[in-house]
1. Need pairs with beta-carbon distance below 7 Å; first residue without any contact (Cβ under 8 Å) to a residue 12 or more places away in the chain and within region 212-230, second charged (D, E, K, R); sequence gap 6+ or separate chains.
2. Within region 84-104, identify whether any single residue is under 23 Å from G157 (Cα atoms), of a type in the set (S, T, Y) and in a strand (DSSP E or B), and answer yes or no.
3. Being within 28 Å of T271 (Cβ to Cβ) and of a type in the set (F, W, Y) is the filter; apply it to region 313-335 and report the residue that is surrounded by the fewest Cβ atoms within 10 Å (Cβ to Cβ).
4. Give me a count of the residues in region 144-164 that are over 30 Å from E183 (Cβ atoms) and of a type outside the set (G, A, S).
5. Run down Y310, Y305, Y257 and say which single residue is in contact with a Gly (Cβ under 6 Å, 6 or more places away or on another chain), crowded, with 17+ Cβ neighbours inside 10 Å and modelled with pLDDT of 95 or more.
6. Right, N265: over 25 Å from Q185 (Cβ atoms), under 20 Å from the mean Cα position of the chain (by Cα) and of a type in the set (S, T, N, Q) or not?
7. Can you find, within region 176-203, the residue that is surrounded by the fewest Cβ atoms within 10 Å (Cβ to Cβ) among those that are over 21 Å from the mean Cα position of the chain (by Cα) and not aromatic (F, W, Y)?
8. Where in region 232-348 are the strands (runs of 3 or more DSSP E), entirely inside, with at least 2 residues that are farther than 25 Å from M193 by Cβ?
Amino acid sequence: MLPAFRWIVAPGILGAFVLALPSCDRHEELTAWEGEPVVAEASPPAAEESSVTDPAPDAEAPEDRNTERAKQGSTDTLRFIAYNVENWLTMDRYIDGKRINGKPKPDSEKEAVVSIIARHRPDVLGLCEVGTPADLADLQDRLKAAGVDLPHAHHTGGFDDTRRLAMLSRHPFANVELHENLEYQLEGRTFGMGRGILDVTVDSPVGDIRFLGAHLKSKREIPEADQEMMRRAEAHLLREQATRILTADPTTALIVYGDLNDTRNSSAVRTVRGPRSGPLKLGMAWLKDERGQTWTHFWDFQDVYSRFDYVLFSEALTERALWDECKLLDDPEWADASDHRATLFVIE
């Protein structure tokens with residue numbers, strides 16, 4: 001998808017700065033949105049009620065216990081963070097009111113991303129909106145300098161050669177499958193899945209964990225086709241991979257995650273979750289911040305807060321989630337880092 005630009009004023013620990021950043025979800029062309037109905041949840045939503053199929057976390061455990069476990073790098077758990085880091089790549093940007101060609105993500109934003117990730121010490125990190133392998137290496141190096149060594153890296157994507165998917169891990173990869181050329185038919189035309197599907201199995205101390213990562217079509221309207229139908233078609237491709245894996249082995253410890261660009265009762269999200277019961281079902285991690293709110297994406301132009309980012313899991317992981325440690329990361333610098341908030345999912 002072509003990048004678009006808008007102005008923001010972002011307060012940060014280094015002072016306020018003015019820029020306009022492109023993104024498939026937050027900083028769209030204003031003309032593409034003006035006059036359109038709001039397609040996400042109104043600002044900011046109160047905590048939603050958990051359905052009977054969504055396990056709700058217990059009361060929060062003491063912060064010092066969780067922090068200490070993270071620092072020690074416990075071998076009896078796996079800490080997984082999924083994060084859309086908003087254009088960690090080189091592109092045209094507006095800085096101080098001027099369009100500058102070929103600029104990387106500003107260092108102030110990178111520092112905020114690294115600070116958040118380092119604070120929560122993931123064993124595995126699933127990423128959306130990373131650019132080239134060099135951009136991924138940049139993030140990897142910055143994390144290592146901050147004390148988080150994730151030496152195993154995978155970079156992949158689809159027909160969008162600008163925004164890619166990636167994974168960094170403390171543990172080695174047992175297997176990697178590529179899904180970079182997935183296609184679907186819509187109204188007699190063939191389309192390619194923009195960001196493809198990341199498919200990595202991590203050899204961890206708690207066993208092999210298979211990850212499917214995705215970044216579905218944004219809500220931005222395009223002339224080629226209906227954006228909602230495109231997102232639903234991509235959701236079907238993602239669901240097909242999950243079904244294939246769980247049909248072959250229903251005991252697979254599978255995590256499906258990413259920026260699905262839609263709310264939880266949308267057709268796209270329901271499609272990815274699959275059947276409501278049985279071995280092919282994907283449960284939804286009901287992640288909340290310390291205030292009990294569930295939104296993960298902020299569109300500042302319309303003051304709209306939405307839950308677009310999800311962690312789904314197979315039946316084999318239902319009893320292995322440590323719900324008192326699973327949450328949305330609501331660190332003070334989240335808005336300086338990205339238009340998304342990261343999710344933390346901990347299993348044993």
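The values are calculated or read from the model by the stated rules, or taken from the named source; none is laboratory data. Just so it is clear, the structure is predicted and the values come from calculations on it, not from any experiment. Methodologically, a virtual Cβ is constructed for each residue, glycine included, from the backbone with ideal geometry; neighbour enumeration extends over all protein chains shown.
1. Q227/K217; Q227/K219; Q227/R220; Q227/E221
2. Here is the first cut: in region 84-104, the ones under 23 Å from G157 (Cα atoms) are 84-93, 102-104.
Going one step further and asking which of them are of a type in the set (S, T, Y), we end up with 90.
Going one step further and asking which of them are in a strand (DSSP E or B), we end up with none.
No, region 84-104 contains no residue that is under 23 Å from G157 (Cα atoms), of a type in the set (S, T, Y) and in a strand (DSSP E or B).
3. So the residue we want is W323.
4. Filtering region 144-164 for residues over 30 Å from E183 (Cβ atoms) gives 144-151.
Filter again for of a type outside the set (G, A, S), leaving 144, 148-151.
Adding up the residues that qualify gives 5.
5. On the way: Y310 fails: in contact with a Gly (Cβ under 6 Å, 6 or more places away or on another chain); Y305 fails: in contact with a Gly (Cβ under 6 Å, 6 or more places away or on another chain).
Of Y310, Y305, Y257, the one residue that is in contact with a Gly (Cβ under 6 Å, 6 or more places away or on another chain), crowded, with 17+ Cβ neighbours inside 10 Å and modelled with pLDDT of 95 or more is Y257.
6. Values: over 25 Å from Q185 (Cβ atoms): yes; under 20 Å from the mean Cα position of the chain (by Cα): yes; of a type in the set (S, T, N, Q): yes.
Considered against the rule, which asks whether it is over 25 Å from Q185 (Cβ atoms), under 20 Å from the mean Cα position of the chain (by Cα) and of a type in the set (S, T, N, Q), N265 comes out as yes.
7. Here is the first cut: in region 176-203, the ones over 21 Å from the mean Cα position of the chain (by Cα) are 183-191, 203.
Within this subset, residues satisfying the condition of being not aromatic (F, W, Y) are 183, 185-190, 203.
Working: E183: 12, Q185: 9, L186: 14, E187: 9, G188: 5, R189: 9, T190: 8, D203: 14.
The selected residue is G188.
8. Numbers: elements: 254-259, 297-299, 304-306, 309-313, 343-347.
Filter on region 232-348 gives 304-306, 343-347.
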